[in-house]
Amino acid sequence: MSARQPDIWKYRDQDWDAGRLKGYDVEATDGRIGKVDEATADVQGGYIVVDTGPWIFGKRVLLPAGVVERVDDDERKVYVSLTKEQIKNAPELDETAYHDHESRDALGEYYGRFFMNAP
């Protein structure tokens with residue numbers, strides 16, 4: 001990762017309060033994917049966990065904070081820079097281990113392929 005590329009685990013806008021995002025709808029570049037079930041702004045490890053509901057059979061997915069493009073508090077929506085297909089094909093979220101570095105490294109490697117420089 002170059003010095004100019006933003007960190008995939010940090011929110012693009014450091015003013016976002018991750019704690020308030022729970023329950024917000026999540027919009028991929030091509031449509032709604034679910035609701036924020038959990039969010040954190042941990043140093044070097046910020047993320048949101050999205051409950052996809054029936055869209056992909058109740059799967060929960062972890063998205064690194066850096067893929068969050070914007071947050072609309074009026075509409076209670078989080079917009080991410082990924083397509084539904086990219087999210088659907090992400091590694092399965094291990095509910096018992098997603099807080100450890102090894103699991104996050106694997107997810108970071110997957111999402112890093114789609115991660116673009118922040119504006």
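The values are calculated or read from the model by the stated rules, or taken from the named source; none is laboratory data. These numbers come from a predicted model, not from an experiment. Every residue, glycine among them, receives a Cβ derived from its backbone with ideal geometry; neighbour counts consider all protein chains shown. To get the accessible areas, we keep the full protein, side chains included, count just its heavy atoms, and leave off ligands, DNA and RNA. Shrake-Rupley method; radii C 1.70, N 1.55, O 1.52, S 1.80 Å.
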Task: Of all accessible heavy-atom area on segment 55-119, the percent that carbon and sulfur account for (1.4 Å) - done: 48 percent
Task: the chain - convex hull of alpha carbons, volume per residue in Å³ - done: 102 Å³
TODO: Compute the accessible area per residue over the chain, keeping the other protein chains in place, probe 1.4 Å, unit Å².
DONE: 56 Å²
Open item on the list: Placing unit charges on C-beta atoms (Lys and Arg positive, Asp and Glu negative, everything else neutral), compute the dipole magnitude of segment 23-113 about its Cα centre in debye, rounded to 20.
Closed with: 280 debye
Open item on the list: Taking 8 Å as the Cα distance limit and 6 or more residues as the minimum spacing, I'd like the relative contact order of the chain as a percentage.
Closed with: 26 percent
